[in-house]
Amino acid sequence: MPLIPYALARPFLFGLDAEHAHELTLNSIARLQNTPAQALWCGERVSDPVTIAGLRFPNRIGLAAGLDKNGRCIDGLGAMGFGFIEVGTVTPKGQPGNDKPRMFRLPEANALINRLGFNNEGLADFIANVQRAHSFRKAGGILGLNIGKNAATPIENAADDYLIGLEGVFPHADYVTVNISSPNTKNLRALQSDEALDALLGALQERKLQLESRSGRKVPMFVKIAPDLDEDQVSVIAQTLTANGIDGVIATNTTIARDKVQGLAHANETGGLSGAPVFEASNRVIRLLRSALPVGYPIIGVGGVLSGDDARTKIAAGADLVQVYTGLIYKGPALVSDCARALARR
């Protein structure tokens, strides 16, 4: 258990601007990870091993991309008990993201809205940070590296950025995630349409096979999709994933819908809504994917997990693994082992 209960830290953090609190927390973890002070937040890693996409996960609970965009806190976050950590999204060149303010809490709904816009320090710094991490992976943790495109890159040239990202992260990743579903980069979600997705994934898969042949190691590739898709769109995505030999899918990213938060402060802010309001929407997409994909095709479920029961619901919907992000902000580090224990007992 963490040395300091999160209930004591949360009022202080929630008294700060949401992005300020986020950066303060990450800076503290980056500075204190792999030191005795890590006991302030560390938790039990529940042993519930499972092999998915050829990788052995210590347990089924992971951290979603977006919290640690620059990969600075892999060891410190891993100490919370995660079986796997996903960091990024990283773009080839560093970029500041969208104008501030760009992150908003909706406490009444256990939710966040963000329009950060892939703010990150760029691929070179990201890789350097990943290379410095050691204790999490030494203990068997699985590391996913999430890639995207620069805002200044025209959408018709998006594949160029993804190929640069894949080349850069491949030697350092246990798996790679292709993020085509953030609502905060202009036109990015257009890459989920059938022809654009087929072209992008075909190019990425061809390059991945070349990298695997050259290196002699397999690195699964996942694609992260949005919750704001209808049944036909999900069906097309499922067909395109399998046709291109993609190893798995992550469902889902944040939503642009606001029906669950109508009337709340900040509800009309532009950006992606995460947390409890996206729970059912992501579950719906997971169920559609499970019906449309071959038996055993890997699905990582993410969106609105705030308890062990929520994690079990994701698995029941058809997910093999579960990620958290916003739930960690509202519930604290204990959520990780709570969810992992719930899945180990199921």
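The values are calculated or read from the model by the stated rules, or taken from the named source; none is laboratory data. Being a predicted model, the structure only gives us computed values, none of them experimental. We place every Cβ from the backbone using ideal geometry, glycine too, and count neighbours over all the protein chains shown.
Listing for the model above:
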| quantity | calculated |
| --- | --- |
| Looking only at region 178-195, and only at residues there that are assigned to a helix (DSSP H, G or I) and surrounded by fewer than 18 Cβ atoms within 10 Å (Cβ to Cβ), the one that is modelled with the highest pLDDT | Glu195 |
| Arg290 being over 26 Å from Leu200 (Cα atoms), basic (Lys, Arg) and either in contact with a Gly (Cβ under 7 Å, 6 or more places away or on another chain) or free of Cβ contacts under 8 Å to residues at least 60 places away in the same chain (or both) | no |
| Among the candidates Gln262, Gln210, Gln239, residue that is within 26 Å of Leu288 (Cα to Cα) and of a type in the set (S, T, N, Q) | Gln239 |
| Residues (farther than 26 Å from Ser282 by Cα and not charged (D, E, K, R)) located in region 194-241 | Ala203, Leu209, Gln210, Leu211, Ser213, Ser215, Gly216 |
| When residues of region 261-305 are limited to those that are surrounded by fewer than 18 Cβ atoms within 10 Å (Cβ to Cβ) and polar (S, T, N, Q), the one farthest from Ala109 (Cα to Cα) | Ser291 |
| Hits in region 81-96 - residues which are surrounded by 20 or more Cβ atoms within 10 Å (Cβ to Cβ) and not aromatic (Phe, Trp, Tyr) | Gly81, Gly83, Ile85, Glu86, Val87, Gly88, Thr89, Val90, Thr91, Pro92 |
| Condition check for Pro154: of a type outside the set (Gly, Ala, Ser), loosely packed, with under 15 Cβ neighbours inside 10 Å and more than 20 Å from the chain's Cα centre (by Cα) | yes |
| Subset of region 164-177 [under 17 Å from Leu241 (Cα atoms) and either surrounded by fewer than 19 Cβ atoms within 10 Å (Cβ to Cβ) or touching a residue at least 60 places away in the same chain (Cβ under 8 Å) (or both)] | Tyr175, Thr177 |
| Among the residues listed as Asn253, Asn283, the single one being of a type outside the set (D, E, K, R) and modelled with pLDDT under 95 | Asn253 |
| Any pair with Cβ under 6 angstrom, 6 or more apart, that starts in region 108-129 at a residue that is without any contact (Cβ under 8 Å) to a residue 60 or more places away in the chain and among the hydrophobic types (A, V, I, L, M, F, W, C) and ends at one that is part of a strand (DSSP E or B) and surrounded by 20 or more Cβ atoms within 10 Å (Cβ to Cβ) | Leu123/Val90; Phe126/Val90 |
| Number of the condition not met by Lys149 [criteria: (1) among the basic types (Lys, Arg); (2) buried (at least 23 other Cβ atoms within 10 Å of the Cβ); (3) over 21 Å from Ile246 (Cβ atoms)] | (3) |
| Region 72-125 - residue that is more than 18 Å from the chain's Cα centre (by Cα) and part of a helix (DSSP H, G or I) and, of those, farthest from Pro220 (Cα to Cα) | Glu108 |
| Meets criteria (in contact (Cβ under 8 Å) with a residue 40 or more places away in the chain and under 30 Å from Ala151 (Cβ atoms)) for Phe84 | yes |
| Matching residues, region 61-80, being surrounded by 24 or more Cβ atoms within 10 Å (Cβ to Cβ) and within 24 Å of Ala344 (Cα to Cα) | Ile61, Gly62, Leu63, Ala64, Ala65, Ile74, Gly76, Leu77, Gly78, Ala79, Met80 |
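Residues checked against (1) in contact with a Lys or Arg (Cβ under 7 Å, 6 or more places away or on another chain); (2) closer than 19 Å to Phe57 by Cα; (3) polar (S, T, N, Q):
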position	(1), (2), (3)
Asp228	no, no, no
Ala238	no, no, no
Ala251	no, yes, no
Ile256	no, no, no
His266	no, no, no
Ala276	no, no, no
Ile300	no, yes, no
Val322	yes, yes, no
